[in-house]
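Chemist: Right, I'll just put the structure down here and ask away after.
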Amino acid sequence: MNVKRVRVSVAVAAVVAGGLLAVAPTLVARETSHGSIERGRYLVAAGDCAACHTDEGGKPFAGGRAVPTPFGTIYSTNITPDGETGIGHWTSDDFYRAMHEGIAPGGKHLYPAFPYPWYTKLTRQDVDDIRTFLATIPPVKQDDKAPDLPWPFSVREVMAGWNALYFKEGTFGSNPQKSAEWNLGAYLVEGLGHCGACHSPKNFAGAPKHDKAFQGGYGENWYATSLGGDLHDGLGQWSTDDIVQYLKTGANKRAAAFGPMGEVVHDSTQHLDDKDLHAIAVYLKDLPPHETPATTNAATDNKKPDNAERLARGRGVYLDDCAGCHMDNGEGLAGIFPPLKGNNVVQANDPETVVHIILSGEKTAVTKENPTGFAMPAFDWKLSDNQIADLVTYLRSAWGNRGDPLDAGKVAQTRGTVVAARTQ
């Protein structure tokens, strides 16, 4: 699971409306045992709100963090209770409308970088509890930054048309054919978690393709892998316990969380209780697999004579620069160096993230159960685009892995993205 962001929430009280049971019954007990502030605190942490609404080195929730999109850069807003620059004067109805419809006070349309297309599924009680908690944090006087978007995207009224075409308002409704735990997981993943914002492909207008939900997509210039049941580019080989361990600690025997997903684990999912994490895992394990070109063609393509030389060169780079940590057999070292054998990021339909990690280096998520993390050094200074392309091509075919060969042009594009991100 990659990528900004798998963000999940706590469940909500069971309500029957329009013949649909809104959510799993576990929330009723939770609500009666905790006040709105503490419940809101849990929801805010589970939704990873601080990560987006806190700039690097900035005050918590004061906004200003740059959020890259295919259309330009949007900056997160100040959601502290400051009366002038934050949301201190917003009513509960104002806050609910922003979360449910994507419209701020005064009729101002919000951009879907703020994931209201997913937040719309939250119950009013959950939204009210989030607002109750946010009202308790220290107010910060900090003006919002204007988005850096070209015309016509800079005109917020354009979002009215976007909403008419791609946004469906409505609170979550459970599936009576599924278990209460499955429905709780669906609420967490599809609601405040807004996992599909990164893990689903998007159309030319930046709207998620609902017919291909959770089949992999982009978030903040990183590729978020499929969450479906695919054996290679997905969670087909993961158990529910694997998923829970990954979300709680940032690593399991199959993978480790880097980049935006590392932030999600650090700031969000490690703070969820085991019951919620298990419900998420149950829901994800029920997502169907899908065929991808990488998993269907790779076994044949990598045996072609013209790729044999590339694979040999890639293996040479691997032995020189990678095998010392990840071992000759690609299995890594349990709890320290993540395996590359069977790794769904390595085998992803788009290898953008593994290229990103090789170029820029990353650190795995730091969590209560994994307080040190693992630091991967950057190789952008050492390896050329061709060397990285050969290396990744080798990784995607070794040890039973399956993934298409990588072109050096793709590496060059990612290198440009990494350089641009450093200058922001």
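The values are calculated or read from the model by the stated rules, or taken from the named source; none is laboratory data. This one's a predicted model, so the numbers in the text were calculated from it and none came from an experiment. Backbone-built Cβ (ideal geometry, glycine too); neighbour counts: all protein chains shown. Areas reflect the complete protein model, heavy atoms only, side chains present, ligands, DNA and RNA absent. Shrake-Rupley method; radii C 1.70, N 1.55, O 1.52, S 1.80 Å.
Chemist: If the requirement is being within 30 Å of residue 71 (Cα to Cα), over 13 Å from the mean Cα position of the chain (by Cα) and of a type in the set (Ser, Thr, Tyr), which of these qualifies: 223, 187, 218?
Modeler: Checking each option against the conditions leaves just 187.
Chemist: Hey, another quick one. What tally of residues in the range 121-152 results from selecting those that are in a loop (DSSP other than H, G, I, E, B) and either among the aliphatic types (A, V, I, L, M) or within 24 Å of residue 62 (Cα to Cα) (or both)?
Modeler: 15
Chemist: Across the range 198-211, which residue is nearest to residue 113 (Cα to Cα) among those that are assigned to a helix (DSSP H, G or I) and open to solvent by less than 20 Å² (accessible area, probe 1.4 Å)?
Modeler: 198
Chemist: Could you tell me which residue of the range 56-83 is farthest from residue 163 (Cα to Cα), considering only residues that are in a loop (DSSP other than H, G, I, E, B) and open to solvent by 50 Å² or more (accessible area, probe 1.4 Å)?
Modeler: Looking at residues that are in a loop (DSSP other than H, G, I, E, B) and open to solvent by 50 Å² or more (accessible area, probe 1.4 Å), I get 57.
Chemist: Among the candidates 228, 191, 236, which residue alone is crowded, with 23+ Cβ neighbours inside 10 Å, of a type outside the set (Ser, Thr, Tyr) and under 30 Å from residue 341 (Cβ atoms)?
Modeler: 228
Chemist: Here are the criteria: (1) at pLDDT 95 or above; (2) under 27 Å from residue 214 (Cβ atoms); (3) of a type in the set (S, T, N, Q). Tell me which single one residue 329 does not satisfy.
Modeler: All conditions are met except number (2).
Chemist: Another one. Which of the residues spanning the range 322-333 are surrounded by fewer than 16 Cβ atoms within 10 Å (Cβ to Cβ) and part of a loop (DSSP other than H, G, I, E, B)?
Modeler: 327, 328, 329
Chemist: I would also like to ask the following. Here are 120, 132, 171: which of them is surrounded by 13 or more Cβ atoms within 10 Å (Cβ to Cβ), of a type in the set (Val, Ile, Thr) and under 29 Å from residue 68 (Cβ atoms)?
Modeler: Of 120, 132, 171, the one residue that is surrounded by 13 or more Cβ atoms within 10 Å (Cβ to Cβ), of a type in the set (Val, Ile, Thr) and under 29 Å from residue 68 (Cβ atoms) is 120.
Chemist: I'd like to check something: does the range 255-269 contain any residue that is among the β-branched types (Val, Ile, Thr) and open to solvent by 30 Å² or more (accessible area, probe 1.4 Å)?
Modeler: no
Chemist: Which of the helices (runs of 4 or more DSSP H) found entirely inside the range 344-424 contain at least 3 residues meeting this: open to solvent by 50 Å² or more (accessible area, probe 1.4 Å)?
Modeler: Correct list: 408-423.
Chemist: Confirm whether residue 69 is modelled with pLDDT of 90 or more and among the polar types (S, T, N, Q).
Modeler: In short, no.
Conditions (1) at pLDDT 95 or above; (2) buried (at least 20 other Cβ atoms within 10 Å of the Cβ), marked per residue:
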residue: 273; (1), (2): no, no
residue: 283; (1), (2): yes, yes
residue: 288; (1), (2): no, no
residue: 291; (1), (2): no, no
residue: 309; (1), (2): no, no
residue: 319; (1), (2): yes, no
residue: 335; (1), (2): no, no
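Chemist: For residue 86, state whether it is over 24 Å from residue 207 (Cβ atoms), at pLDDT below 95 and assigned to a loop (DSSP other than H, G, I, E, B).
Modeler: no
Chemist: Okay, moving on. Does residue 143 fit the bill of being under 24 Å from the mean Cα position of the chain (by Cα) and among the acidic types (Asp, Glu)?
Modeler: The answer is no for residue 143.
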